Every structure is written in structure tokens, then in C-alpha cells.
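Reviewing the structure listed below.
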Amino acid sequence: MSPTPSNPPFVLARPESAPLDPPPLYAELREEQPVTRVSLWEGRLSPWLVTRWEDARAVLGSPAFSTDPTHPGAPNFKEGSARSPRGFFQNYDDPIHAAMRRTLTREFMVKRINELRPAIARLTDELLTDMGELSGPVDLVEHFSLPLPSLVICELLGVPYEDHTFFQKHSKTIVDFNSTGEETQQAFAALAAYLLGLVETKRTTPGDDVVTRLAAQADEGAITDQDAADLSAFLLFAGHETTANMITLSTITLLSHPGQIPHLLGGPDQVANAVEELLRHLSIVHGGLRRTAVEDVTIGGVTIRAGEGVIVPVHVANRDPEFFDAPDDLDLDRANARLHLAFGYGIHQCLGQPLARAELQIVLPEIFRRLPDLKIAVPLEEIAFKQDTAVYGVHELPVTW
């Protein structure tokens, strides 16, 4: 076996010529050593890296792997990562995971998300109108990509949008690989403390929102007030960071492939498939999904022992040529695009994916309908991509039209 990479795979630098593609080393590993050891924490931990689509899905769908970060061999982003509150249920196994997830299942049913579509469309129109009144290069992140999902998640949760600076600040801390474990925990705690106060507020001034309904579940004894706050904090954090980056990176990608834009301007089915292909092509959670084996299991012909960690970089698995034809090409008409793993797979797959899909299906076509002459105002190599965060994106994107 060849030497393992000396750095964690999620910080491998991308070449400036292809910042939206996984670093070439991943493709080499997928071809030659699809299940291989890598080094974390200056070599003090050597989990397995799984790079093929079939193997990735096998890991993510298997009960032989745990998401609990307190296992000694857990391949956490940082050494000494502490257990998050159970409201951040993606870090728990069943039965806690199932119980916490069940409190939110109805909130993300397709029917309920479809009821939000008019509000998403209204917010999209308002932000694009406001942006269109500005002159000179405009930062798409500041004026559209970040406020749109922030406004939507605030409306869904019942959180005052005027507090968005607060929760965006702490969300950035959580996804930043340079944050210490203590800083990350403090950010989690700050969000939860804020939401705990809001749970109390909703008892006296209820609304048609998630926090009000979680407060009611707490009153019934199904969960605690702290659970209600932690669940709300988790949604607040997760509900805007990923979608904001996905909107921006999708815009860059489409402007780099103008011949694909008409696929985004067709009927609902064509738009939906185009969004799935963008999700596959970008798969922006580049830190890899983390698991620990709880029993010996064979993946891709390699035996992974109980207690050993596994990292699944879904953005690499979604470029597997054994499953997707010409996987590095953007093809908004791709027949099997929806089989991507951008939202994970198995019982821990993203709960909020119906909301993310609805936002992208509304937002992306509208950007190009309203701004048909949209252009990036700087050369691609001058764009500051996020190389050190769990969610890939850009810090700002100057555009003109």
C-alpha cells in the first residue's frame, strides 16, 4: 500500500484551474485504492477513506457504522471533539437519533414544504429587485445567496430575521476547520441559548412555525425545553449555510457552462432534474461524512475492524465513472442524477432536503430569467474559495449584468 496522504483529505488544495472539482488525488485513489488509509491529526489517527459510489452507499446505509463522535476511533474534524446536544441528532445513533428526528419529520414533508414555495418565490423576487437597483459589481453572496436561505429558515422556524448576523456568525464558527473544539462548542451553546429564550417566547406568543410546535411538544412531555432549543438551533445552522453556498457555486458553474442554462429554464420536471445534477456535480459538503465501525465489516473487499473510523467524501463518490457516465461533465439532462449522495444515504440522510430542493428549484431559474446577462466581475482565479470549511463555497462573488 502506498503512503497515506499526510493531510486530512478535506483540506487538499484544488488547482486554480478547476476549483469546483475534487482534487485529482481523489480520482487516483478511487481507481487504485478505493478503500485506503489516510492520516488525521498529524498522523495520530488513520481512518479509512472510501471513494467509490457503491462503497460509499454501503457504508452510509449500514447499521455496522455509527455517527457517534465519542468513539475512540471516530474520525472527527478536530481531535477531542465533544458530544453535541442530542438535538444535533446527526451525531447520534438510534434510538436517540430516531426519537429526535421524529419530532421534525412533519415539518419537512413535501406537502408542508410546497406550502412554503410562494414565500420562497416572494423573497427571491424581493432580493433580486433590490439587487437590481444597485450599480457596479455586486456581491451575490451578501445581497442574495446568504440572505435568501436565511430569510426562508427564519420564516419556517419563527426566528426574527433581524438576528441573522448573530446566527450567521456562530454558524461560520461551527463549519470552520480553524475553530478550536472549545470555540465550536461555544458557538453551539450560543445558538441553543438564543433558541431556548425563543421557545419561552413562543409559549406566550405562538405562531405558525417550527419553534412554536416544538414548544408544544415540550409541554406535552415528548421532549425537553432544551431539546426544543437544540433542535431549533440545529435547523437554524444547517438550514442556511449549505443552501447559501449551493446557490453561489451553482451560479458560478452555470455561468461556466452557458449551454446548460436552457435546461434550467424549462418545465418543472426539467428544472428538478437540473437541480439534482447540480447537487451531484457540486456536492458541497466536502469534509466527508464520518462514521465509526461498531463491528467488523467488509467494504470494497477490505475488512474494516470494529472501532476504526471511516470518511466518505460524497463529492468524490458522486464523480465515480463506474456509476455516472462522464462524471466530471455537467449534464443537466443526466438520467440518473437523482441517485447522487449529496444529501447522504440511509437513516442519517439530510432531513431538510425537500426544503433545499424547493429553494434551488425556485431560486436558480429565477436568477437567470431576471438577469440573463449575468456575469462574474472578476477572473475565476481571483475568487476566494473556502478551502478550510466543512461546507465548500466562496467568501464573495462579485457579479454584474
- Item | Listed residues 378, 244, 285: farthest to the positive end of the dipole of the chain (Cβ charges) | 285
- With all protein chains present, how much of the accessible area of region 144-267 (probe radius 1.4 Å) comes from carbon and sulfur, to the nearest whole percent? 56
- Message: Taking 28 Å as the cut-off for C-alpha to C-alpha distance, list the pairs among 78/169; 111/202; 78/386; 202/386 that go past it.
- Response: 202/386
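Between residue 400 and residue 377, what length comes free when the chain is fully extended (0.36 nm per residue of separation minus the Cα-Cα distance, one decimal in nm)?
On the way: separation 23, 0.36 × 23 = 8.28 nm, distance 0.59 nm.
Working it through step by step, the gained length comes to 7.7 nm.
Quickly rank 217-223, 58-64, 247-253 as a protection proxy: mean count of other C-beta atoms within 10 Å, highest first. Mind showing how you got there, number by number?
On the way: 217-223: 14.0, 58-64: 18.4, 247-253: 22.1.
Highest to lowest by the protection proxy: 247-253, 58-64, 217-223.
For residue 294, what is the net charge nearby, where nearby means another residue's Cβ is under 11 Å from its Cβ and Lys, Arg count +1, Asp, Glu -1?
Values: positive: 291, 305; negative: 68, 93, 295, 296, 308.
Charge balance in the 11 Å sphere: -3.
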- Out of 222, 116, 92, whose Cα points farthest toward the positive end of the dipole of region 89-229 (charges: +1 Lys, Arg; -1 Asp, Glu; placed on Cβ)? 222
- Note on the structure: Per the charge dipole of the chain (beta-carbon charges, Lys/Arg positive, Asp/Glu negative, Cα centre), the residue among 263, 332, 45 reaching farthest to the positive end is 45
- Task: Lys and Arg at +1, Asp and Glu at -1: add these up for the other residues within a Cβ distance under 13 Å of residue 137 and post the number.
- Result: -3
- Message: Among 358, 229, 99, which one shows the highest mean-square fluctuation when the chain is modelled as a Gaussian network with alpha-carbon springs under 10 Å?
- Response: 99
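Could you do me a favour and compute the accessible area per residue for the chain, 1.4 Å probe, result in Å²? List each step's numbers first, then the result.
On the way: 16900 Å² over 401 residues.
Averaged over the residues of the chain, the accessible area is 42 Å².
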- Task: Would you kindly derive the ³J(HN,Hα) couplings of region 234-242 from the backbone phi angles with the Karplus curve 6.51 cos²θ - 1.76 cosθ + 1.60 (θ = phi - 60°), listing them in order in whole Hz, with x for Gly and Pro?
- Result: 4, 5, 4, 5, 6, x, 10, 5, 5
- Query: Karplus couplings for region 110-119 from phi (6.51 cos²θ - 1.76 cosθ + 1.60, θ = phi - 60°), rounded to Hz, Gly and Pro as x?
  - Reply: 4, 4, 5, 5, 4, 5, 7, 4, x, 5
- Item | Mean Cβ neighbour count within 10 Å, used as a protection proxy, ranking 190-196, 134-140 highest first | 190-196, 134-140
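How do the peptides 346-354, 43-51, 275-283 rank, highest first, by the average count of neighbouring beta carbon atoms within 10 Å per residue? Intermediate results must be reported in sequence, preceding the final value.
Numbers: 346-354: 17.7, 43-51: 20.7, 275-283: 24.3.
Descending mean neighbour count gives 275-283, 43-51, 346-354.
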- Message: Can you compute the helix-only [θ] at 222 nm over the chain? Use -39500 (n - 2.57) per DSSP H run of at least 4 residues, normalise by all residues, nearest 500 deg cm²/dmol.
- Response: -14000 deg cm²/dmol
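For the chain, calculate the relative contact order in percent as a whole number, restricting contacts to Cα pairs under 8 Å that are 6 or more residues apart. Don't skip to the answer; put the middle values down first.
Values: 654 pairs, mean separation 100.6, N = 401.
Taking the mean separation of contacting Cα pairs over the length of the chain, I get 25 percent.
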- Task: Treat every Asp and Glu Cβ in region 117-241 as -1 and every Lys and Arg Cβ as +1, leave all other atoms uncharged, and give the resulting dipole magnitude about the Cα centre to the nearest 20 debye.
- Result: 160
- In nm, to one decimal, how far is the residue 384 label point from the residue 305 one, both placed 7 Å along Cα→Cβ? 4.5
- Message: Could you compute the net charge surrounding residue 181? Neighbours are other residues with a C-beta less than 10 Å from the C-beta of residue 181; K and R count +1, D and E count -1.
- Response: -2
- Query: How many percent of the accessible area of region 25-99 is carbon or sulfur, using a 1.4 Å probe?
  - Reply: 49
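Among the GluC sites (Glu not before Pro) within region 98-189, which fall in a DSSP loop and have no more than 14 other Cβ atoms within 10 Å of their own Cβ?
Values: sites: 107, 115, 126, 133, 142, 155, 162, 182, 183; in loops: 133.
For GluC sites (Glu not before Pro) across region 98-189 that sit outside H, G, I, E and B with at most 14 neighbouring Cβ atoms in 10 Å, the list reads 133.
The values are calculated or read from the model by the stated rules, or taken from the named source; none is laboratory data. Since this is a predicted model, take the numbers as computed values, not measurements. As a convention, Cβ positions derive from the backbone with ideal geometry for all residues, glycine included, and neighbour counts pool all protein chains shown. Just the protein is used for accessible areas: all its heavy atoms, side chains included, with ligands, DNA and RNA removed. Shrake-Rupley method; radii C 1.70, N 1.55, O 1.52, S 1.80 Å.
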